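The values are calculated or read from the model by the stated rules, or taken from the named source; none is laboratory data. As the structure is a computational prediction, the values presented were derived from the model and not from experiment. So basically every Cβ, Gly included, is an ideal-geometry build from the backbone, and we count neighbours across all protein chains shown.
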Amino acid sequence: MATRDELDAINAGFGEAFATQDAERLAAFYADDARLLFHGQPIIRGRAAVDAALRDMVADGPSSLRFQTDEVIEEGSLVVDIGRIISPGGTSKYVVVYQRQADGSLKIIVDAASSDGASRAPG
């Protein structure tokens, strides 16, 4: 399977997991040493912290999110997915770094998302 097809399948599964509030399914996409870099939060690092953050994210109820890959960069065991998150509330962007595992699967090691909304001046 081509890498782009793998990412499309992962992104579809991610959207389905949000729609069904399935934090366990979301967590399965991440490596044990994954990091989440989300707006307004410190870096979330490691399996336990990522799992807790994902449970919190789905606790507010189902979300209709679609993840769309715009660009793929591959280098060795790393794959970078740069794209957009499309929701009823608007569009955001993401950069996700995957690492190819020994079994051939891709797992997220860095997940960074940010809003397309207006930025605020510091202070």
Next on the checklist: Taking the conditions exactly as written (under 14 Å from the mean Cα position of the chain (by Cα), modelled with pLDDT of 95 or more and over 21 Å from ASP116 (Cα atoms)), does ALA49 satisfy them or not?
Outcome noted: no
Checklist entry - Across region 95-117, which residue is surrounded by the most Cβ atoms within 10 Å (Cβ to Cβ) among those that are among the hydroxyl-bearing types (Ser, Thr, Tyr) and either within 15 Å of GLY13 (Cβ to Cβ) or in contact with a helix residue (DSSP H, G or I) (Cβ under 6 Å, 6 or more places away or on another chain) (or both)? => result TYR98
Checklist entry - In this structure, does PHE14 turn out to be buried (at least 18 other Cβ atoms within 10 Å of the Cβ), touching a residue at least 24 places away in the same chain (Cβ under 8 Å) and either in contact with a Gly (Cβ under 8 Å, 6 or more places away or on another chain) or of a type outside the set (Ser, Thr, Tyr) (or both)? => result yes
Checklist entry - Do any strands (runs of 3 or more DSSP E) entirely within region 34-123 hold 2 or more residues that are in contact with an Asp or Glu (Cβ under 6 Å, 6 or more places away or on another chain) and closer than 20 Å to PHE18 by Cβ, and if so, which? => result 78-87, 90-100
Checklist entry - Of these, PHE14, PHE18, which one is out of contact with any strand residue (DSSP E or B) (no Cβ under 6 Å at 6 or more places or on another chain) and either outside any strand (DSSP E or B) or modelled with pLDDT under 95 (or both)? => result PHE18
Next on the checklist: Give me the residue from region 21-32 that is in a strand (DSSP E or B) and within 14 Å of the chain's Cα centre (by Cα) and, out of that set, surrounded by the fewest Cβ atoms within 10 Å (Cβ to Cβ).
Outcome noted: ALA31
Next on the checklist: Quick test of your reading of the structure: ARG35 fulfils all but one of (1) surrounded by 13 or more Cβ atoms within 10 Å (Cβ to Cβ); (2) closer than 14 Å to SER114 by Cα. Name the failing condition by number.
Outcome noted: (2)
